[in-house]
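So the structure is just underneath, and the comments pick up after that.
The values are calculated or read from the model by the stated rules, or taken from the named source; none is laboratory data. Remember, it's a predicted structure, so these values are computed and weren't measured experimentally. Every residue, glycine as well, gets a Cβ built from its backbone with ideal geometry; the counts of neighbours run over all protein chains shown. For the accessible areas, the whole protein counts, side chains as well, though only heavy atoms, and no ligand, DNA or RNA atoms are used. Shrake-Rupley method; radii C 1.70, N 1.55, O 1.52, S 1.80 Å.
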Amino acid sequence: MNFAFITGGSRGIGRAVCIQLARMNYNILLNYKSNDEEANKTKALIEELGLTCELLKFDVSDKDQIKQVLGDWIENNKEKNIEVLVNNAGIRQDNLLMWMSDEQWETVLNTSLNAFFYVTRLVLNGMLVKKYGRIVNIVSLSGLKGLPGQTNYSAAKAGMIGATKALAQEVARRGVTVNAVAPGFIKTDMTGDLDEKQLSTLIPMKRFGTAEEVAEVVGFLSSKGASYVNAEVISVNGGLYS
Ligand code: NDP
């Protein structure tokens, strides 16, 4: 039974990715942190498509929880094969570096960069054994360009971009590709506090993107057809930055 594992799949971009991958006939293993209601909504949407969706609730910023909950799932579900991994969970905790707390720095790094390491290390082994896998890391324009007020978030996402390129070269010969998608401004809960009207004036397409527009690109990179695309970062930002 083939599965796609998406971190942060309960809402926003993660939910759209779950639906996109279910449309590609993947059963979904959905991680989320706390929002049971939204996770169950995504699960219902997957089931409407005729696929299964298993919920795996744990905090990706906590490496012990990753090892325990995800580690146990892998150990107890040997017949289920994770072919696609999307490292999507992420948070913003913006502040100027001068005023940034230890906690703001650490939680943002732990949720994106460190989670990428601990989750991927666990999932990769099965892909290497099967000699097939697709890993897609959701990064950000902030990790390519750097944005003031986001030294923590820019560092986390830039770190993931470096790790994407390095890991891609380690595992390429085993049929596993590793790529990243870098969204610009996308309409989700994460950007709910931003001035969409004012920021849209800076974007050549004059609007924020949708989660589905990001999911389309993740779907492509997760597909068999993307077999020779590797170590790549694809921006989905309406032309804002390249
Ligand atoms: P949302 O805030 O809409 O959703 C975040 C998702 O991540 C939720 O499913 C949430 O779970 C989950 N999550 C957050 N923290 C944890 C954690 N510690 N452990 C497990 N799950 C967690 O975010 P978006 O959909 O907007 O963002 C998704 C990704 O895209 C992020 O990596 C973000 O950095 C990136 N991105 C987003 C952009 C945008 O404009 N929206 C732009 C560039 C990049 P729960 O529901 O339980 O809280």
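When residues in the stretch 19-34 are screened for being within 8 Å of the ligand (Cβ to nearest atom), within 13 Å of the chain's Cα centre (by Cα) and over 19 Å from L124 (Cβ atoms), 1 of them pass.
Taking the criterion of being open to solvent by less than 40 Å² (accessible area, probe 1.4 Å), assigned to a helix (DSSP H, G or I), within 15 Å of the ligand (Cβ to nearest atom) and out of contact with any Gly (no Cβ under 7 Å at 6 or more places or on another chain), the residues of the stretch 157-199 that qualify are G159, A163, T164, T191, L199. Scan the stretch 153-167 and tell me whether some residue there is under 19 Å from N2 (Cα atoms) and β-branched (V, I, T). No, that holds for no residue. Inclusion of R134 among residues that are under 23 Å from L29 (Cβ atoms) and buried (at least 20 other Cβ atoms within 10 Å of the Cβ) is warranted.
Being basic (K, R) and near the ligand (Cβ under 6 Å from one of its atoms) is the filter here; which residues of the stretch 4-18 pass it? Lay out the reasoning, then the answer.
Just the residues of the stretch 4-18 that are basic (K, R), to begin with: 11, 15.
R11, the sole residue that qualifies.
Evaluated against (1) within 11 Å of the ligand (Cβ to nearest atom); (2) at pLDDT below 95; (3) not polar (S, T, N, Q), M1 falls short on exactly one condition, (1). Note on the stretch 10-109: enclosed strands (runs of 3 or more DSSP E) holding 2 or more residues that are open to solvent by 50 Å² or more (accessible area, probe 1.4 Å) are 53-57.
Residues that are in contact (Cβ under 8 Å) with a residue 24 or more places away in the chain, over 18 Å from the mean Cα position of the chain (by Cα) and under 26 Å from N25 (Cα atoms) occur in the stretch 220-241; there is at least one. Has the stretch 46-65 got any residue that is within 23 Å of S112 (Cα to Cα), within 13 Å of the ligand (Cβ to nearest atom) and polar (S, T, N, Q)? Checked the stretch 46-65: at least one residue is within 23 Å of S112 (Cα to Cα), within 13 Å of the ligand (Cβ to nearest atom) and polar (S, T, N, Q). When S227, S242 are checked against the criterion of being open to solvent by 80 Å² or more (accessible area, probe 1.4 Å) and away from the ligand (no atom under 14 Å from the Cβ), S242 stands alone in meeting it.
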